[in-house]
Amino acid sequence: MEYRVTLIKGDGIGPEVTGATCRILNAAGAPIEWEEAPGGLEAVEKFGHPMPESTLNSVRKNRLGLKGPLATPKGKGYRSANVHLRQELDLYVGYRPVRTLPGISTPYSDVDLIVLRENTEDLYAGIEHAINEDTVLTLKVSTHRSGERIARWAFEHMRNHGRRSILCSHKSAVVPLADGAFADAFERIASEYPYIEHDQMPVDSLSFELALDPRSFDVLLLQNLYGDILSDLAAGLVGGLGVVPGANIGDQIAVFEAVHGTAPDIAGKGIANPLAVLMSGLLMLEYVGERKVAQRIEKAVFDVLEEGKHLTGDLGGNADTARFTEAIIDKL
Ligand code: ATP
């Protein structure tokens, strides 16, 4: 069986890191046929929109996508291309596994967290307006339906993958309606899974606790903005943005992407770390049931990391993207 996957190379370091990822997946014989589709600045030039309908249709048809980071032109009235993609395709689960990797020295040696971010609502609903010259209003949207469906996804995922405890974190003391609705939905669904530990914590306390010791946490469930912020924090605990993968998952469609952005400071220099997009590609292979090839690539990656001879600059080495990629392919 061959999977057709929509490939959105993206902006900034996107083409470099997706290019490296495709090379490695192809070298490992992953059964994928790539269908390239534009997104970000390239798409603005060609179609006048950073996430054109033709690209959305390609993902709708293939039901699978691998995406590099996208830039959205600022001050030109465009909404974020990433947010648009998630909302249009109803990819309501932001899935970010945060694990300590071999050979990468970090303050904590055995972090194994899953950050789940509600992807479609909250301040990202994009509803804001100026009331007068002094005051603007931005609406935080939270529906019981969305709170319940991501909570159900979380508990089902935990049941299928043997995860032990889940923490829903929010700020309901200050935002009682929107955050309270999310917390209530979580409790309702949790009551259907009495064999999975569950708890709640204010998101400020969680930030503090994560920095002190992330090992006491297992699965975190957060609304959109808190999830965006805390997944970057969690990335910092295991080696930085260059190593943490992610997925945007809906009921029928999934698009896999790194947590990091376009990294304009290093774009075009050939030095970006492709690991985050590569590991997102491995999540995609596992998602479709191609575990064997995913594990073979992961082993090759871990061997290269453990040897430590060909690491990119963000991991303390001096290899460029191409050398790091070749080292993984050599292992394969
Ligand atoms: P954007 O505006 O698209 O969010 P950004 O630069 O603000 O871009 P990130 O792209 O997430 O945010 O990058 C933050 C920092 O992490 C930058 O200094 C960047 O160089 C570094 N970084 C991000 N991704 C990688 C990577 N894959 N390899 C190496 N360094 C990275």
(message) Can you tell me what share of the DSSP beta bridges in the chain is antiparallel? A percent to the nearest 5 is fine.
(response) 40 percent
(request) Name the shape class, rounded, prolate or oblate, that the alpha-carbon gyration tensor gives for the stretch 233-332, where a ≥ b ≥ c are the square roots of its eigenvalues, rounded holds for a/c under 1.5, and otherwise prolate holds if a/b is larger than b/c and oblate otherwise. (result) oblate
(request) Give me the percent of Cα-Cα pairs in the stretch 7-123 that sit more than 25 Å apart, rounded to a whole number. (result) 34 percent
(message) Only Cα pairs within less than 10 Å get springs; with that Gaussian network setup on the chain, which residue of GLU128, GLU118, GLU16 has the largest fluctuation?
(response) GLU128
(message) If I take every Cα pair under 8 Å that is 6 or more residues apart in the chain, average their sequence separation and divide by the length, what percent do I get for the relative contact order?
(response) 23 percent
(message) Using a 7 Å offset from Cα along Cα-Cβ at ASN318, what residues in the stretch 226-268 end up with backbone N under 18 Å from the label point?
(response) none
(request) Between ILE229, ILE297, ILE131, find the one with the highest GNM mean-square fluctuation for the chain; connect C-alpha pairs within less than 10 Å. (result) ILE131
(request) Could you go through the stretch 216-222 in sequence order and give the Karplus-derived ³J(HN,Hα) for each residue, using 6.51 cos²θ - 1.76 cosθ + 1.60 with θ = phi - 60°, rounded to whole Hz, and x for Gly and Pro? (result) 7, 10, 10, 10, 10, 10, 9
(request) Per DSSP H run of at least 4 residues, take -39500 (n - 2.57); add these up for the chain, divide by its residues and hand me the 222 nm value, nearest 500 deg cm²/dmol. (result) -12500 deg cm²/dmol
(message) Please compute, for the alpha-carbon atoms of the stretch 107-237, the extent along each of the three principal axes and give them in descending order in Å.
(response) 51, 36, 22
(message) For the chain, set up a GNM with springs between Cα atoms under 10 Å and report which of PRO194, PRO69, PRO31 has the largest fluctuation.
(response) PRO194
(request) Whole number please: convex hull volume per residue, Cα atoms of the chain, in Å³. (result) 140 Å³
(request) Take the Cα coordinates of the stretch 124-193, assign each an equal point scatterer, and use the Debye formula without solvent to give log10 I(q)/I(0) at q = 0.17 Å⁻¹. (result) -0.69
(request) Pull out a ≥ b ≥ c, the square roots of the eigenvalues of the alpha-carbon gyration tensor of the stretch 217-263, then state rounded if a/c is under 1.5, prolate if not and a/b is larger than b/c, and oblate in the remaining case. (result) oblate
(message) Restricting to Cα atoms and excluding each atom paired with itself, what does the Kirkwood estimate give for the stretch 75-170 in Å?
(response) 16.3 Å
(message) If you average the alpha carbon positions of the stretch 27-97 and of the stretch 202-234, how far apart do those two centres end up, in angstrom?
(response) 27 Å
(message) I need the shape label for the stretch 51-119. Rule: rounded when a/c is under 1.5, else prolate if a/b > b/c, else oblate, with a, b, c from the alpha carbon gyration tensor.
(response) prolate
(request) Among DSSP beta bridges lying fully in the stretch 107-237, give the percent that are antiparallel, nearest 5. (result) 20 percent
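We did not get these values from a lab; they are worked out from the coordinates using the rules stated. Just so it is clear, the structure is predicted and the values come from calculations on it, not from any experiment. Here Cβ is always computed from backbone atoms with ideal geometry, including for glycine, and neighbour counts include all displayed protein chains.
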